[in-house]
Amino acid sequence: MIIGLSTGGASTESIDVQTFTSRTEQPDAGRRARKRIWTALVCACALVLAACGADVNSRLELDEDFSGTRAFVMTMAETDIEALSGGLDSATQALEAHTPEVLSFEGIEQQEEGYSATFIMSFSDIEDYQHKIRALLDASEVSMADRDMNIELDEQPLVTRLSLQENFYNDDLMGWAANALLSEGVVADDATVLTSSGRATVIFAGEEIATSTSLPRMNFELSSDHRFQDVGLDVEFLETGEIRITMAYLISGESAAIQNDFLTRQVTELNDLEGLSEAVADSGAKDSPDDSGGENRQISALFSTPEAADAGMKVLLKHDDASFEKHETSDKDSPDVVTQYAGSNWTCEQICDPANLQQLDGDTTFPEQWKLVDEQRGEGEFFAEFNRGMPLQQMTAATRLDFNGNMTQTFEFVVDNATIEGHEATVAARFSPPPNTGSFHSAVEGDKTVYTTTFQAQNAHGLTTMLNDYLQDKGIAAPATIDHDAIIGIWANYDLRVDISPIWEVVTGGVEDATTFSVQLPAMHTGHTQDSESNERTVLIEDSTGSFIIYANGPTSTTIWVVVLTVLFLIVIVVLLFRMRRAATRVWGVATTHPEDAKPYNVQGPKDRLTETEIFEAPLVPGAQDQSTTQTPRQREATKQLEHPGPFPDIPIPSHTQYQELQNRLRRKRHDGKSGEPEPGSDDANMDDDANGAS
């Protein structure tokens with residue numbers, strides 16, 4: 001009888017112990033004795049009898065998912081074939097016609113020792129195997145008393161155990177074949193068709209395993225163990241209250257594929273958990289050679305809450321009873337909070353090699369400002385107790401840069417009044433700066449108290465010095481740094497670098513509600529962080545670590561001087577253009593006037609010697625009734641005008657008597673002038689001309 005196994009794959013995630021038992025009563029001891037005696041007789045008579053029946057061999061082949069095949073081979077000597085009625089053809093037809101549905105008949109082939117008839121039973125799992133074996137027992141009409149079968153399967157993530165015990169033999173399972181040959185008349189009714197001889201072998205994952213008996217029946221135990229030879233466990237507690245768990249799994253060469261596949265599924269399961277602060281870090285699959293000592297694969301998970309860490313430990317250890325808790329208590333002598341972390345059932349029997357007694361060893365790390373009170377690890381238990389300091393409700397850190405380069409740093413620490421009750425002086429001393437470094441004040445606002453510490457300096461270097469003096473006064477060695485690029489040019493583009501993360505060592509108890517970091521830039525300046533492209537004068541920092549860079553831009557003092565000088569220059573240009581325009585607009589223009597506004601006389605030229613009478617008697621200038629020459633109005637004279645004589649005087653017209661007197665005077669002068677005429681241009685000559693003109 002031969003059992004064969006087909007290749008397949010199965011999940012090893014779940015832990016499953018299955019027991020399959022088929023038994024009605026204890027096996028008949030007489031039957032066992034009978035079979036053993038019969039086997040001995042067969043062996044003794046083998047040399048005498050040429051035709052003593054067919055041996056039944058079986059071969060069971062199992063894959064790691066416990067699917068496979070079981071082959072049954074009936075081996076007959078050549079003399080047995082000659083005794084068959086109808087030969088091989090009739091035997092083949094009889095066996096083929098009566099083969100149970102759970103078997104497939106592969107035919108009869110000639111071998112060195114004779115002829116072999118092969119039958120294959122395939123199954124998908126252990127339960128399917130048990131079902132089909134029962135079907136063969138039914139087909140072979142085996143009594144219920146002889147059907148005792150016990151199967152126990154224990155499946156864990158990396159180790160699987162199988163125990164299979166059958167108290168029936170190979171020929172019992174193939175009894176249907178003997179009945180088929182007898183019923184079809186292929187063999188005589190008194191002939192021995194099958195013997196109790198044969199072999200039973202088991203192959204698991206390609207390797208033969210030892211059975212518990214030499215009899216031709218299945219009785220064996222096997223295990224597939226791929227547990228890790230070594231698993232390290234590191235625990236880190238962060239100031240923010242987060243917990244980082246790092247596991248180091250040693251990958252062995254012969255189990256590398258299975259172990260890597262298991263860890264890959266674990267990482268996927270971890271990433272699906274709620275409460276992860278970031279994606280699970282995985283160093284990746286390791287392909288360790290068989291002859292090497294192995295290589296560690298690290299998996300690290302950062303949990304935001306103890307509840308998330310509790311769920312994560314169950315996955316990392318593959319232990320549903322693993323737990324993790326956090327407890328906080330108050331110290332009566334101070335406002336500090338004492339925090340206790342406890343883990344139980346931190347064992348890994350399901351994934352760790354029990355031969356290594358140092359499993360789950362590792363380090364416990366925590367912030368430097370925390371005080372370790374107690375730590376215990378071993379025998380599946382973990383305990384750590386810390387004095388974490390005083391918790392805050394809120395914390396605000398505001399950095400301000402002025403236009404002239406002055407800088408200001410302000411911290412606001414908000415503490416619950418219940419926390420500081422009875423410790424007011426101690427709390428104030430924790431936040432107050434040393435002398436000559438900054439200002440400090442506190443204010444009670446409802447059920448909380450706000451402590452404000454402010455530092456002011458003329459530049460970034462001075463502010464950094466003040467902050468470091470403050471930190472050193474609190475016993476903190478880590479330095480703070482604030483600096484920025486030179487703010488020069490017409491339009492400055494500069495980086496403001498701020499690292500005030502050591503402030504978290506002052507706030508050892510953490511912040512329960514909100515932590516705000518902000519930067520206020522000079523007037524007309526805007527900036528942004530790497531995480532936000534929104535340009536604002538006041539920049540809110542999304543990262544609460546206290547270390548960030550502001551990418552800013554804006555005008556400088558040079559920009560202001562350039563703007564002022566440009567404005568003054570433009571004002572001068574405008575004034576000059578205005579004055580030049582006024583000077584250029586001093587012109588005379590012709591404007592229309594009404595006829596009644598026209599003068600009834602003409603103004604004589606400088607060389608004219610017209611008398612008044614001649615002027616009045618002369619006609620008006622053409623168009624004088626319609627036009628007159630006027631001066632364009634001006635707001636202010638740009639130059640001094642020359643003095644002009646007034647209009648020609650309007651001499652009154654003489655009366656008739658006066659006219660006669662003037663005529664007489666002229667006649668006398670003319671008469672007298674005959675004796676001596678006045679020189680031309682003299683007053684008398686002019687008087688004569690006037691008289692003549694009047695006449």
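The values are calculated or read from the model by the stated rules, or taken from the named source; none is laboratory data. Since we're looking at a predicted model, the values are computed, not measured. In this analysis, Cβ positions are derived from the backbone assuming ideal geometry, glycine residues included, and neighbour counts consider all displayed protein chains.
Each row is one residue, and each column tells you yes or no for (1) without any contact (Cβ under 8 Å) to a residue 12 or more places away in the chain; (2) aromatic (Phe, Trp, Tyr); (3) over 30 Å from Gly475 (Cβ atoms).
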position: Met313; (1), (2), (3): no, no, yes
position: Asp321; (1), (2), (3): no, no, yes
position: Ser330; (1), (2), (3): yes, no, no
position: Leu357; (1), (2), (3): yes, no, yes
position: Asn387; (1), (2), (3): no, no, no
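Which of the residues belonging to the stretch 244-277 are surrounded by fewer than 17 Cβ atoms within 10 Å (Cβ to Cβ), among the polar types (S, T, N, Q) and either closer than 13 Å to Ile299 by Cβ or over 19 Å from the mean Cα position of the chain (by Cα) (or both)?
Hits for the stretch 244-277 are Thr264, Thr268, Asn271.
Each row is one residue, and each column tells you yes or no for (1) over 14 Å from Phe411 (Cα atoms); (2) among the β-branched types (Val, Ile, Thr); (3) within 35 Å of the chain's Cα centre (by Cα).
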| residue | (1), (2), (3) |
| --- | --- |
| Ser432 | no, no, no |
| Gly438 | no, no, no |
| Thr453 | no, yes, yes |
| Leu467 | no, no, yes |
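Would you call Ile151 touching a helix residue (DSSP H, G or I) at 6+ places or on another chain (Cβ under 8 Å), at pLDDT 90 or above and surrounded by 19 or more Cβ atoms within 10 Å (Cβ to Cβ)?
Details: touching a helix residue (DSSP H, G or I) at 6+ places or on another chain (Cβ under 8 Å): yes; at pLDDT 90 or above: yes; surrounded by 19 or more Cβ atoms within 10 Å (Cβ to Cβ): yes.
Answer is yes for this residue.
Among the candidates Phe413, Phe403, Phe383, single out the residue that is surrounded by fewer than 18 Cβ atoms within 10 Å (Cβ to Cβ), assigned to a strand (DSSP E or B), aromatic (Phe, Trp, Tyr) and on the phi < 0 side of the Ramachandran plot. If you could, list the steps in order and put the result at the bottom.
Numbers: Phe413 fails: surrounded by fewer than 18 Cβ atoms within 10 Å (Cβ to Cβ); Phe403 fails: assigned to a strand (DSSP E or B).
Unique residue meeting the criteria: Phe383.
If you go through the stretch 174-186 one residue at a time, do you hit one that is in contact with a Cys (Cβ under 7 Å, 6 or more places away or on another chain) and either crowded, with 18+ Cβ neighbours inside 10 Å or not in a loop (DSSP other than H, G, I, E, B) (or both)? So that I can check it myself, show each step before the final result.
Restricting attention to the stretch 174-186, the residues satisfying the condition of being in contact with a Cys (Cβ under 7 Å, 6 or more places away or on another chain) are none.
No: zero hits.
Please enumerate the residues belonging to the stretch 202-232 that are surrounded by 18 or more Cβ atoms within 10 Å (Cβ to Cβ) and on the phi > 0 side of the Ramachandran plot.
Of everything in the stretch 202-232, nothing turns out to be surrounded by 18 or more Cβ atoms within 10 Å (Cβ to Cβ) and on the phi > 0 side of the Ramachandran plot.
For the stretch 151-203, how many residues meet the condition of being of a type in the set (Asp, Glu) and within 60 Å of the chain's Cα centre (by Cα)?
Qualifying residue count, the stretch 151-203: 4.
Listed here are the residues, each with its yes/no results for (1) more than 23 Å from Met74 (Cα to Cα); (2) assigned by TED's automatic domain parsing to the domain that holds Ser283.
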| residue | (1), (2) |
| --- | --- |
| Ile209 | no, no |
| Thr213 | no, no |
| Pro216 | no, no |
| Glu221 | yes, no |
| Ile243 | yes, yes |
| Ser252 | yes, yes |
| Ile258 | yes, yes |
| Leu263 | yes, yes |
| Leu270 | yes, yes |
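Residues checked against (1) over 16 Å from Thr410 (Cβ atoms); (2) touching a residue at least 60 places away in the same chain (Cβ under 8 Å); (3) surrounded by 15 or more Cβ atoms within 10 Å (Cβ to Cβ); (4) over 30 Å from the mean Cα position of the chain (by Cα):
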site: Ala429; (1), (2), (3), (4): yes, no, no, yes
site: Val450; (1), (2), (3), (4): no, no, yes, yes
site: Thr464; (1), (2), (3), (4): no, no, yes, yes
site: Ile488; (1), (2), (3), (4): yes, yes, no, yes
site: Asn493; (1), (2), (3), (4): yes, yes, no, no
site: Val519; (1), (2), (3), (4): no, yes, yes, no
site: Ser532; (1), (2), (3), (4): yes, no, no, no
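Name the single residue, out of those in the stretch 187-201 being surrounded by fewer than 19 Cβ atoms within 10 Å (Cβ to Cβ) and not hydroxyl-bearing (Ser, Thr, Tyr), that is nearest to Glu113 (Cα to Cα).
By that ranking, first place goes to Arg199.
Can you tell me which residue within the stretch 97-124, out of those that are in a loop (DSSP other than H, G, I, E, B) and hydrophobic (A, V, I, L, M, F, W, C), is farthest from Glu184 (Cα to Cα)?
For the stretch 97-124, the residue satisfying everything is Val102.
I'd like to verify a number: residues in the stretch 172-197 that are out of contact with any Gly (no Cβ under 7 Å at 6 or more places or on another chain) and of a type outside the set (Gly, Ala, Ser), how many? So that I can check it myself, show each step before the final result.
So the first thing to find is which residues in the stretch 172-197 are out of contact with any Gly (no Cβ under 7 Å at 6 or more places or on another chain), and the list is 172-185, 187-191, 196-197.
Checking the rest, the ones that are also of a type outside the set (Gly, Ala, Ser) come to 172-174, 176, 179, 181-182, 184, 187, 189-190.
The total comes to 11.
Looking at (1) touching a helix residue (DSSP H, G or I) at 6+ places or on another chain (Cβ under 7 Å); (2) of a type in the set (D, E, K, R); (3) crowded, with 17+ Cβ neighbours inside 10 Å, find the lone condition where Asp171 falls short.
Single failed check for Asp171: (1).
Going residue by residue through the stretch 481-492, is there one that turns out to be within 29 Å of Glu512 (Cβ to Cβ) and not in a strand (DSSP E or B)? Explain how you work it out, then say what you get.
Within the stretch 481-492, the first condition is being within 29 Å of Glu512 (Cβ to Cβ), and the residues that meet it are 481-482.
Then keep just the ones that are not in a strand (DSSP E or B); that gives none.
Within the stretch 481-492, none of the residues are within 29 Å of Glu512 (Cβ to Cβ) and not in a strand (DSSP E or B).
Determine whether the stretch 392-411 contains at least one residue that is in contact with a Ser or Thr (Cβ under 9 Å, 6 or more places away or on another chain), outside the structural domain of Gly241 (by TED's automatic domain parsing) and charged (D, E, K, R).
Within the stretch 392-411, one or more residues are in contact with a Ser or Thr (Cβ under 9 Å, 6 or more places away or on another chain), outside the structural domain of Gly241 (by TED's automatic domain parsing) and charged (D, E, K, R).
Yes/no matrix, rows are residues, columns are (1) part of a strand (DSSP E or B); (2) modelled with pLDDT of 90 or more; (3) touching a helix residue (DSSP H, G or I) at 6+ places or on another chain (Cβ under 8 Å):
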residue	(1), (2), (3)
Thr213	no, no, no
Gly241	no, no, no
Tyr249	yes, yes, yes
Asp261	no, yes, no
Glu269	no, yes, yes
Asp287	no, no, yes
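Could you please let me know if Ile299 is surrounded by 14 or more Cβ atoms within 10 Å (Cβ to Cβ), within 20 Å of the chain's Cα centre (by Cα), closer than 30 Å to Arg430 by Cβ and among the β-branched types (Val, Ile, Thr)?
Numbers: surrounded by 14 or more Cβ atoms within 10 Å (Cβ to Cβ): yes; within 20 Å of the chain's Cα centre (by Cα): yes; closer than 30 Å to Arg430 by Cβ: no; among the β-branched types (Val, Ile, Thr): yes.
Considered against the rule, which asks whether it is surrounded by 14 or more Cβ atoms within 10 Å (Cβ to Cβ), within 20 Å of the chain's Cα centre (by Cα), closer than 30 Å to Arg430 by Cβ and among the β-branched types (Val, Ile, Thr), Ile299 comes out as no.
Taking the stretch 290-338 on its own, how many of its residues are of a type in the set (A, V, I, L, M, F, W, C) and in a loop (DSSP other than H, G, I, E, B)? Break it down into steps so the answer makes sense when it comes.
Initial filter on the stretch 290-338 (of a type in the set (A, V, I, L, M, F, W, C)): 299, 301-303, 308-309, 311, 313, 315-317, 322, 324, 337-338.
Now narrow it down to the ones that are in a loop (DSSP other than H, G, I, E, B): 317, 322.
Residues in the stretch 290-338 being of a type in the set (A, V, I, L, M, F, W, C) and in a loop (DSSP other than H, G, I, E, B): 2 in total.
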